[in-house]
Amino acid sequence: MSRGRTDIDRERCKGCGLCVGACPEKIIALSKEQFNAQGLPFAQCFDPERCTACQSCAIICPDAAIRVVRFVAAGEG
Ligand code: SF4
Ligand code: SF4
């Protein structure tokens with residue numbers, strides 16, 4: 001299984017929550033006690049070990065706040 005990591009730009013995030021619902025692994029949540037410079041909650045991946053690098057979160061984000069970095073395992077193209 002491909003693994004990856006999400007880089008979420010908290011300053012671009014407006015806290016809409018679309019990525020939270022789009023992640024099949026259910027590992028994204030909006031911040032509860034932290035806010036960005038605009039005073040908005042922002043998305044965070046709370047269990048990066050389970051990220052499959054499927055890109056669903058990055059594709060659905062209307063603000064291009066998420067970048068998914070895919071780790072290529074040994075033996076994979
Ligand atoms: S790349 Fe896929 S598994 Fe990883 S956080 Fe985004 S939606 Fe979830
Ligand atoms: S979809 Fe984008 S703007 Fe919306 S909560 Fe997720 S990262 Fe933030």
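Just so it is clear, none of the values below were taken in a lab; they were calculated from the coordinates. Values in this document were obtained by computation on a predicted structure and should not be read as measured data. We place every Cβ from the backbone using ideal geometry, glycine too, and count neighbours over all the protein chains shown.
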Lone cysteines in the chain, defined as no other cysteine's Cβ under 4.7 Å from theirs: which are they?
Cys13, Cys16, Cys23, Cys45, Cys51, Cys54, Cys61
Per residue of the chain, what 222 nm ellipticity follows from adding -39500 (n - 2.57) for every DSSP H run with n ≥ 4, rounded to the nearest 500?
-2500 deg cm²/dmol
Determine the relative contact order of the chain: mean sequence separation of Cα pairs under 8 Å and six or more apart, normalised by residue count, in whole percent.
45
Mind checking the dipole of the chain: about its Cα centre, +1 per Lys or Arg Cβ, -1 per Asp or Glu Cβ, Debye to the nearest 20?
60
List Arg5, Arg10 from most exposed to least, where exposure is judged by having the fewest other Cβ atoms within 10 Å.
Arg5, Arg10
Quick one: which of 20-29, 65-74 comes out on top by average Cβ neighbours within 10 Å, and what's the full order, highest first?
20-29, 65-74
